[in-house]
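The structure appears below as structure tokens.
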Amino acid sequence: MLKEQVISRIKDCGLVAVVRAESPEQAEKITEACIAGGVAAIEITFTVPGADEVIRRLASRYKSGEIIIGAGTVLDPETARTAILAGAQYVVSPCLNVDTVKLCNRYRVACMPGAMTLKEVVECMEAGADIVKIFPGELFGPSIIKAIKGPIPYAQLMPTGGVNIDNVADWIKAGAVAVGVGSSLTAGAKKGDYESITALAREFISRIKEARK
């Protein structure tokens, strides 16, 4: 799938499920629950044990393009390359590493480095980021999106951290092109309650669609 198609699908759905798990098996169960709830983009973070193998298995299982598998918590180009070779279709970082963005652009893989200040957002854009991850979002809330898009209305921003079912509409209305959601979506996994993840995923997507009207 072309990079532009990956970005388009992420924006269309509006929800990226950030998967942090204690084991590869748990990560895959969370992924399946999210897919059942209509999530189009799954971010397997490199805090998951054996993250590259999880990405490889999921990329093989869904090679027809049913969902988009990405890698998260990517801190350097070496990890990015490992993720891409495993089948990751996009790479997400908590902060900007210019060499990581260069590598992703070299192989035409969507890259979403993190930023919090206006200066950092501009640096991400100058480096060639496709979408800038606003992280950690809970420090400022949805108002940070509106504030950044004031002087930079064309910035493509995706908040992660602090996004929950009660405020997701506020993030979208503020101008976010998508949101990254972790524990507020996947917390049920700790109790083995994967059905709650599926139900929450559906509700997140519903509220995103409503907020865009």
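The values are calculated or read from the model by the stated rules, or taken from the named source; none is laboratory data. This is a predicted model, so every value here is computed, not measured. With ideal geometry, Cβ positions are generated from the backbone for all residues, glycine too; neighbour counts draw on all protein chains shown. Quick note on the areas: whole protein, heavy atoms, side chains included, nothing else; ligands and nucleic acids left out. Shrake-Rupley method; radii C 1.70, N 1.55, O 1.52, S 1.80 Å.
Cα convex hull of the range 1-111: mean projected area in nm², to one decimal? All intermediate terms of the calculation are to be shown ahead of the outcome.
Numbers: hull surface 24.0 nm².
The Cα convex hull of the range 1-111, projected and averaged over all directions, gives 6.0 nm².
In square angstrom, what is the accessible area per residue of the range 1-150 with a 1.4 angstrom probe? Working shown, then result.
Numbers: 6280 Å² over 150 residues.
Using a 1.4 Å probe on heavy atoms only, each residue of the range 1-150 averages 42 Å².
On average over all directions, what projected area in square nanometres does the range 78-125 have, based on the convex hull of its Cα atoms?
Values: hull surface 12.0 nm².
Mean projected area for the range 78-125: 3.0 nm², to one decimal.
Please provide three numbers in whole Å: the alpha-carbon extents of the range 121-178 along the principal axes, with the largest listed first.
Computed over the range 121-178, the largest-to-smallest principal extents equal 33, 19, 17 Å.
Quick one: 3J(HN,Hα) in Hz for the range 27-36, Karplus 6.51/-1.76/1.60 with θ = phi - 60°, rounded, Gly and Pro as x.
4, 6, 5, 4, 4, 4, 5, 5, 4, 4
What is the gain in length, in nm to one decimal, between SER23 and ARG106 on full extension, counting 0.36 nm per residue of separation less the C-alpha to C-alpha distance? Walk me through the numbers before you get to the answer.
On the way: separation 83, 0.36 × 83 = 29.88 nm, distance 3.14 nm.
26.7 nm is the gain from fully extending SER23 to ARG106.
Highest mean first, how do 44-51, 60-67, 179-186 rank when packing is the count of other Cβ atoms within 10 Å averaged over residues?
On the way: 44-51: 20.8, 60-67: 12.4, 179-186: 23.0.
Going from most to least packed, we get 179-186, 44-51, 60-67.
Could you give the alpha-carbon Rg of the range 109-213 over 2.2 N^0.38 Å, rounded to two decimals? Walk me through the intermediate numbers first.
On the way: Rg = 14.3 Å, N = 105, 2.2 N^0.38 = 12.9 Å.
Against the empirical 2.2 N^0.38 Å value, I get 1.11 for the range 109-213.
Give the list, by residue number, of cysteines in the chain with no other Cys Cβ closer than 4.7 Å, or say none.
Isolated Cys, the chain: CYS13, CYS34, CYS95, CYS124.
Amide H neighbours of GLY114 under 5 Å, at least 5 residues apart or on other chains, H built in the peptide plane: list them.
It is SER93, CYS95, LEU96, LYS133, by chain and number.
Going by Cα centres, the range 132-163 and the range 1-39 are how many Å apart?
Between the Cα centres of the range 132-163 and the range 1-39 lies a distance of 21 Å.
For the chain, what % of the accessible area comes from carbon and sulfur atoms, probe 1.4 Å? Don't skip to the answer; put the middle values down first.
Values: 4910 of 9330 Å².
Accessible surface attributable to carbon and sulfur in the chain totals 53 percent.
If I take every Cα pair under 8 Å that is 6 or more residues apart in the range 1-123, average their sequence separation and divide by the length, what percent do I get for the relative contact order? Display every interim value, and only then the final one.
Working: 210 pairs, mean separation 26.0, N = 123.
Value for the range 1-123: 21 percent.
Computed over the Cα atoms, what is the radius of gyration of the chain divided by 2.2 N^0.38 Å, N being its residue count? Intermediate results must be reported in sequence, preceding the final value.
Values: Rg = 15.6 Å, N = 213, 2.2 N^0.38 = 16.9 Å.
Its radius of gyration relative to the 2.2 N^0.38 Å reference: 0.93.
Among ALA80, MET1, ALA110, pick out the residue whose Cα is farthest towards the positive end of the charge dipole of the range 1-125, where Lys and Arg carry +1 and Asp and Glu carry -1 on C-beta, about the Cα centre.
MET1
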